[in-house]
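Trainee: Below: one structure in structure tokens.
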Amino acid sequence: MNLFRNLLLWILLAIVGALAWHLLAQDPGYVLVRYRGWDYTTNLLWVGVAAVVALFALWLLWALIALPLRAWRQRRDQQSRARLGTGLEALYHGHYARAEKLLPQAGDDSDAAIALLASSRAALARGDHAAARRHLDAIDVRHALTRAIGHAELSLAEERPTDALVALDAPAAQPLPPRGLALRAEALAVSGQAAEAYALLGALRQQQALPDTVLAERELRWSAAAMRQAADANALADRWESLPKPLRAEPTIVSAYAERAAALGWDEAATSSVEHALGTRWDERLAARYGSLPLARFAERQAAAERWLQQHPGSPALLLTLARLARLQDQPQPAMDYLQRALAQGAGGEGWEELGHNYAQLGDDARARAAYGNALRAMRGEPVHVIE
């Protein structure tokens, strides 16, 4: 591109020169210069040549005068970039103190912002949060976005999500780039605003701020957190209905929704959501959660669980759920039968704990203590004892 521009410039100059020569050849003109009694006569052609020679001489003189300054500036820039490269390499190698010494010496304006950001990360890596903050504060205001991202990263590392949001919401940092959007979403989620974080998923996908696998994991995590943080039944219903249908069958999200619905006294919604999800896709964790929801409807849940047992007779989670529901309805013997089958299917520590609850309800304190002891052993991976 520079070659084409230079060629075009020389062509234009040649055309102008040819036109001037043509005009002067027809009438070279007459120029009289009188100075202190001296008269000098010539024509416009030689005046033009003299002017060009004079301008060239002035340009050459200026180039010679500026040559040492230009060489000094070039050397300084080379040294600055060399320090930047060496400092970044030291940061990558884990020489944090050396990196923090070299990086701030980058003199170029854009390089200085990146260097100070890297210096902040070096200070953070060696545990000096105050120095990390000083490096960030030293970034020029013309690089407000870089400084905002650095402050947000530091605030999140210090578990101060509100300060991260303040840094990212600064007017000078708008609009946020992909990295800024990802940090803002994470800060919202950590500060208990999972619904707002979930609303940013579309922008994060559009800007490819995070890998698809990470976005999918955060979609599940933020959706579940948004359910748990719903202030009332209306907010919970709105958040649930706004979810795509595939997410309404995800065990993690369904479990969070059912827990919050049960806490708000919305028993029908809590049970129906779990029943629909299990009917769509069986999940052992959700089957176990169905029996431990803090709500009534024991008979209805027991009937649904018995129907599922015909399709999943070897499910330890479902057997444990039936045992819990039987115990809560004061049916210790059916509960004992379900528990024996659940333990045989590998119910583990949770099954032994439920067995302890059942023995305690029967008033058999010795066996209850033995069952609780087996629950601890099972959780630790130790052999359990036989209960006589």
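The values are calculated or read from the model by the stated rules, or taken from the named source; none is laboratory data. Worth saying up front: this structure is predicted, and the values here are computed from it rather than measured. Methodologically, a virtual Cβ is constructed for each residue, glycine included, from the backbone with ideal geometry; neighbour enumeration extends over all protein chains shown.
Trainee: Could you say whether any residue in the stretch 342-351 is closer than 19 Å to residue 277 by Cβ and touching a residue at least 12 places away in the same chain (Cβ under 8 Å)?
Mentor: No, the conditions are met nowhere in the stretch 342-351.
Trainee: Restricting to the stretch 131-166, count the residues that are within 15 Å of the chain's Cα centre (by Cα) and within 18 Å of residue 119 (Cβ to Cβ).
Mentor: Result for the stretch 131-166: 9.
Trainee: May I ask you to say which residue of 235, 231, 224 is outside the structural domain of residue 289 (by TED's automatic domain parsing), buried (at least 20 other Cβ atoms within 10 Å of the Cβ) and either among the aliphatic types (A, V, I, L, M) or in contact with a Leu (Cβ under 7 Å, 6 or more places away or on another chain) (or both)?
Mentor: 224
Trainee: Is it the case, given these coordinates, that residue 112 is among the hydrophobic types (A, V, I, L, M, F, W, C), modelled with pLDDT under 85 and surrounded by 19 or more Cβ atoms within 10 Å (Cβ to Cβ)?
Mentor: When the stated conditions are applied, residue 112 passes them.
Trainee: Tell me, yes or no, whether the stretch 348-358 has at least one residue that is more than 46 Å from the chain's Cα centre (by Cα) and farther than 16 Å from residue 291 by Cα.
Mentor: No, the stretch 348-358 contains no residue that is more than 46 Å from the chain's Cα centre (by Cα) and farther than 16 Å from residue 291 by Cα.
Trainee: From 168, 145, which residue is at pLDDT 90 or above and under 23 Å from residue 207 (Cα atoms)?
Mentor: 168
Trainee: Return yes or no: is residue 288 in contact (Cβ under 8 Å) with a residue 24 or more places away in the chain, small (Gly, Ala, Ser) and farther than 23 Å from residue 252 by Cα?
Mentor: Considered against the rule, which asks whether it is in contact (Cβ under 8 Å) with a residue 24 or more places away in the chain, small (Gly, Ala, Ser) and farther than 23 Å from residue 252 by Cα, residue 288 comes out as no.
Trainee: Another question, then. Going by the conditions given, is residue 249 surrounded by fewer than 17 Cβ atoms within 10 Å (Cβ to Cβ) and either in contact with a Ser or Thr (Cβ under 6 Å, 6 or more places away or on another chain) or under 26 Å from residue 297 (Cα atoms) (or both)?
Mentor: So residue 249 does not fit the description; no.
Trainee: Specify the residue that is surrounded by the most Cβ atoms within 10 Å (Cβ to Cβ); the eligible residues are those in the stretch 312-341 that are without any contact (Cβ under 8 Å) to a residue 24 or more places away in the chain, in a helix (DSSP H, G or I) and not hydrophobic (A, V, I, L, M, F, W, C).
Mentor: Filtering the stretch 312-341 for residues that are without any contact (Cβ under 8 Å) to a residue 24 or more places away in the chain, in a helix (DSSP H, G or I) and not hydrophobic (A, V, I, L, M, F, W, C), the one surrounded by the most Cβ atoms within 10 Å (Cβ to Cβ) comes out as 338.
Trainee: Among the helices (runs of 4 or more DSSP H) confined wholly to the stretch 184-298, which include 1 or more residues that are closer than 30 Å to residue 148 by Cα and either among the aromatic types (Phe, Trp, Tyr) or in contact with a helix residue (DSSP H, G or I) (Cβ under 8 Å, 6 or more places away or on another chain) (or both)?
Mentor: By residue number, 194-199, 201-206, 212-228.
Trainee: Let me ask another. State the number of residues belonging to the stretch 299-345 that are under 21 Å from residue 363 (Cα atoms), in contact with a helix residue (DSSP H, G or I) (Cβ under 6 Å, 6 or more places away or on another chain) and of a type outside the set (A, V, I, L, M).
Mentor: Matching residues across the stretch 299-345 total 6.
Trainee: I need a count of the residues in the stretch 172-183 that are surrounded by fewer than 19 Cβ atoms within 10 Å (Cβ to Cβ) and not in a helix (DSSP H, G or I).
Mentor: 3
Trainee: Look at the stretch 342-361 and say how many of its residues are of a type in the set (A, V, I, L, M, F, W, C) and surrounded by fewer than 22 Cβ atoms within 10 Å (Cβ to Cβ).
Mentor: So the answer is 2.
Trainee: Going by the conditions given, is residue 306 closer than 27 Å to residue 272 by Cβ, in a helix (DSSP H, G or I) and not hydrophobic (A, V, I, L, M, F, W, C)?
Mentor: Yes: the conditions hold for residue 306.
Trainee: May I ask you to list the residues in the stretch 125-152 that are surrounded by fewer than 21 Cβ atoms within 10 Å (Cβ to Cβ) and either among the acidic types (Asp, Glu) or within 17 Å of residue 197 (Cβ to Cβ) (or both)?
Mentor: If the condition is that a residue be surrounded by fewer than 21 Cβ atoms within 10 Å (Cβ to Cβ) and either among the acidic types (Asp, Glu) or within 17 Å of residue 197 (Cβ to Cβ) (or both), then 128, 137, 140 are the ones that fit.
Trainee: Within the set of pairs 6 or more residues apart or between chains, which connect a residue that is touching a residue at least 24 places away in the same chain (Cβ under 8 Å) inside the stretch 247-268 to a residue that is among the small types (Gly, Ala, Ser) and assigned to a loop (DSSP other than H, G, I, E, B) with Cβ atoms less than 7 Å apart?
Mentor: Pairs that qualify, where the first residue is touching a residue at least 24 places away in the same chain (Cβ under 8 Å) and the partner is among the small types (Gly, Ala, Ser) and assigned to a loop (DSSP other than H, G, I, E, B), are 260/230; 267/296.
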